[in-house]
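Below is one structure; the comments refer to it alone.
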Amino acid sequence: MPLSSTLAISAFAELSQTAGLGTGRVPAGLSRAVTLASGTGAGKADRVYQARRTLAASATEDLDLAGVLLDAFGAAITFLRVKGLFISAAVGNTNNVVVGGAASNTWTTLLNSTGTLTLRPGAAVGALAGQADATAYGVTASTGDLLKVANSGAGSSVSYDIVIVGASA
């Protein structure tokens, strides 16, 4: 089944200050976008996982990127390469969502084996592999395919949205 993808991250800000009879402005912007055709090589993707997930207080889960996650039609997904990863913690969370650092079989190509990202309530993070990059972020079944997601504390559950776009070969 064909997949078309546009992955993007962006940040825009403008610093301004009154100066004499006018206002000085310094805009700053950074934007990156990748459009991927359907397939498995450079500039292509053929798998997508998307979900809204909830973790109980103090709970963790390991998302298995090789053969356990299901796509929107219920088919098992095996990523060999991840081209884009986007995670957003719900604004209404009380606790943080912590991503990375699985105890074993850690997916280490984006974060090293002990690295984590902490998403405060309402925070989001995205990572893109370049359009011409055929390697992207590699996944190794059974030894390097678990992405850990954790609720940082007790007392309340957390929810997060996740989208993973990648290739099966």
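Observations, loosely collected:
- Total residues in segment 3-37, condition without any contact (Cβ under 8 Å) to a residue 40 or more places away in the chain and either outside any strand (DSSP E or B) or in contact with a helix residue (DSSP H, G or I) (Cβ under 6 Å, 6 or more places away or on another chain) (or both): 3
- Scanning segment 6-61 for residues that are hydroxyl-bearing (S, T, Y), closer than 21 Å to T78 by Cβ and modelled with pLDDT of 95 or more yields S38, Y49.
- From the list G67, G92, G155, G166, the one residue that fits, being surrounded by fewer than 16 Cβ atoms within 10 Å (Cβ to Cβ), in contact (Cβ under 8 Å) with a residue 60 or more places away in the chain, closer than 25 Å to A42 by Cβ and of a type outside the set (D, E), is G67.
- Selection status of L7, of a type in the set (A, V, I, L, M, F, W, C), surrounded by 14 or more Cβ atoms within 10 Å (Cβ to Cβ) and in contact with a strand residue (DSSP E or B) (Cβ under 7 Å, 6 or more places away or on another chain): yes
- Within the set V158, V125, the sole residue that is under 27 Å from A8 (Cβ atoms), modelled with pLDDT of 90 or more and within 16 Å of the chain's Cα centre (by Cα) turns out to be V125.
- Boolean, A141 is at pLDDT below 95 and surrounded by 21 or more Cβ atoms within 10 Å (Cβ to Cβ): no
- In segment 38-60, the residue that is farthest from the chain's Cα centre (by Cα) out of those that are of a type outside the set (A, V, I, L, M), crowded, with 16+ Cβ neighbours inside 10 Å and outside any loop (DSSP other than H, G, I, E, B) is K44.
The values are calculated or read from the model by the stated rules, or taken from the named source; none is laboratory data. On a predicted model such as this, the values are computed, not experimentally measured, just so you know. For neighbour counting, all protein chains shown are included, and Cβ atoms are generated from backbone atoms with ideal geometry for every residue, glycine included.
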